[in-house]
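Visitor: Dropping a structure here in structure tokens format, bear with me for questions.
Values quoted throughout were computed directly from the atomic coordinates according to the rules given, and no laboratory measurement underlies them. None of these values were measured; they are calculated from a predicted model. Don't worry about glycine lacking a Cβ; one is built from the backbone with ideal geometry, like all the others, and counts go over all protein chains shown.
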Amino acid sequence: MTEANNQSKKRQNDVVSMPFKPDLSQNMPTGLYLVATPIGNLRDITLRALDVLANVDFILAEDTRHSRRLLDRYNLQTPMRPYHEHNADKVTDRILQALQENKSVALISDAGTPLVSDPGFKLVQAVIAADLPLIPIPGPSAVLTAISASGLPTDKFLFAGFTPAKSSARIKFLQNLKNTPASLVFFEAPGRVLRSLEDMAIVFANRPAVLARELTKIHETFVRDTIEGLIAKLQGQKVRGECVIVIGPPTDEVSVLSEEQIDAGLLEAIARSGTKAAASEMAQICGRPMREMYQRALQLKNKSQ
């Protein structure tokens with residue numbers, strides 16, 4: 001991205017050319033409003049979302065200090081209350097009571113669409129069970145932003161959320177997705193991106209892949225390659241910012257592991273979980289007989305000693 005583009009994007013993010021003046025005369029109907037908020041650029045908020053946030057009785061925010069920046073940008077004075085995974089059980093009954101008293105309440109997350117890898121599921125279930133109004137206010141989404149600009153197939157895609165932190169659990173998690181006939185979208189912490197891609201190479205072989213970073217922000221980047229190509233590019237690099245990984249769907253061309261990939265996967269799995277578990281894991285991944293994989297694992301283990 002050029003310096004001129006950087007400066008232009010910064011101006012868009014930092015300046016509101018026409019300050020929003022909420023119509024405070026609106027009578028907001030009772031209900032829980034699920035309001036999508038920007039994932040980076042604060043100008044991505046929708047006019048409908050601003051109307052709702054300006055007129056509800058109060059806003060439930062994952063982090064009120066973080067969300068204050070958005071409200072201050074648009075001069076919104078609506079009271080905020082914290083709602084997150086640690087207090088959900090405690091405050092849900094109070095929220096239901098407020099709705100039963102004909103209050104209007106907005107739920108927002110730190111960024112993007114509520115409930116997409118964010119708190120809110122328990123509350124939405126409770127609102128539905130109580131037969132109270134639930135109103136989605138659509139808008140920004142890191143999932144849709146990443147898949148739309150990835151260059152990978154978008155006719156079918158699966159959002160799989162965050163991968164498990166430990167490699168063994170992550171590989172099992174990925175194995176369940178291996179044959180899904182769709183592009184796969186993952187959220188990942190920057191410090192785990194390289195390790196996750198290495199495990200994806202074991203399970204998915206060398207499918208097309210995209211690393212999307214800092215979406216809608218000044219340093220937004222898309223790195224498009226294969227899984228192994230991304231791994232090579234990230235070696236020795238420190239990944240920063242919020243990351244989305246998109247993996248292309250399986251094809252006959254990339255769904256079969258090479259002999260070298262099988263050996264590498266066996267050695268990595270042996271070091272992690274032992275010979276028998278490694279053989280079982282690779283038998284599932286590449287569709288080979290367990291006995292063959294076990295004999296191969298023993299040979300590789302003996303050679304490496």
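Visitor: Name the long-range amide H neighbours of residue 60: under 5 Å, sequence gap of 5 or more, or other chain; modelled H, no Pro or chain starts.
Guide: For residue 60, whose amide H was placed from the backbone, the distant partners under 5 Å are 81, 106, 107, 108.
Visitor: Hey, of (1) 0.94; (2) 1.71; (3) 1.21, which did the structure itself give for Cα Rg over 2.2 N^0.38 Å when calculated?
Guide: Among (1) 0.94; (2) 1.71; (3) 1.21, the one calculated here is (3).
Visitor: Same structure again: Could you list log10 I(q)/I(0) for region 259-304 at q = 0.13 Å⁻¹, which the Debye formula gives when each Cα is one point scatterer?
Guide: -0.19
Visitor: How would you rank 184-191, 37-44, 221-228, highest first, on the average number of other Cβ atoms within 10 Å across their residues?
Guide: 37-44, 184-191, 221-228
Visitor: If I take the Cα coordinates of region 221-287 and project them onto the principal axes, what are the three extents in Å, biggest first?
Guide: For region 221-287, the Cα extents along the three principal axes come out at 41, 29, 19 Å.
Visitor: Oh, and also: Considering only region 19-140, what is the antiparallel percent among its DSSP beta bridges, to the nearest 5?
Guide: If I count the DSSP bridges inside region 19-140, around 5 percent turn out antiparallel.
Visitor: How would you rank 297-305, 67-75, 243-251, 260-268, highest first, on the average number of other Cβ atoms within 10 Å across their residues?
Guide: Descending packing order for the listed peptides: 243-251, 260-268, 67-75, 297-305.
Visitor: What dipole magnitude, in Debye to the nearest 20, does region 259-304 give about its Cα centre under +1 on Lys/Arg Cβ and -1 on Asp/Glu Cβ?
Guide: 240 debye
Visitor: Need one number: % antiparallel among DSSP beta bridges in the chain, to the nearest 5.
Guide: 45 percent
Visitor: If you take the charge dipole of the chain about its Cα centre, with +1 on Lys and Arg Cβ and -1 on Asp and Glu Cβ, which of 241, 167, 298 is farthest toward its positive end?
Guide: Ranked along the dipole, the leading option is 298.
Visitor: Between residue 158 and residues 5 or more places away or on another chain, which pairs have amide H atoms under 5 Å apart, with H built 1.01 Å from N, and which residues are they?
Guide: The answer is 183, 184, 185.
Visitor: Under 5 Å between amide hydrogens, which residues at least 5 positions from residue 112 or on another chain qualify, with H placed 1.01 Å from N in the peptide plane?
Guide: Placed amide hydrogens put 37, 39 under 5 Å from residue 112.
Visitor: Any idea what the dipole of region 143-247 comes to, in debye rounded to 20, about its Cα centre with Lys/Arg Cβ at +1 and Asp/Glu Cβ at -1?
Guide: 240 debye
Visitor: Still on this model: Just for region 143-247, what percent of DSSP beta bridges are antiparallel, to the closest 5?
Guide: DSSP beta bridges in region 143-247 are roughly 75 percent antiparallel.
Visitor: Another question, then. Below 8 Å between Cα atoms, with a sequence gap of 6+, how large is the relative contact order for region 19-140 in percent?
Guide: Once divided by the residue count of region 19-140, the mean separation gives 42 percent.
Visitor: Going out from 0 in 5 Å bins, what whole percent of all Cα-Cα distances in region 171-238 drops into each bin?
Guide: 3, 15, 28, 28, 16, 7, 3, 0
Visitor: If you put +1 on each Lys and Arg Cβ and -1 on each Asp and Glu Cβ, how big is the dipole of the chain around its Cα centre, in Debye rounded to 20?
Guide: Dipole size: approximately 600 debye.
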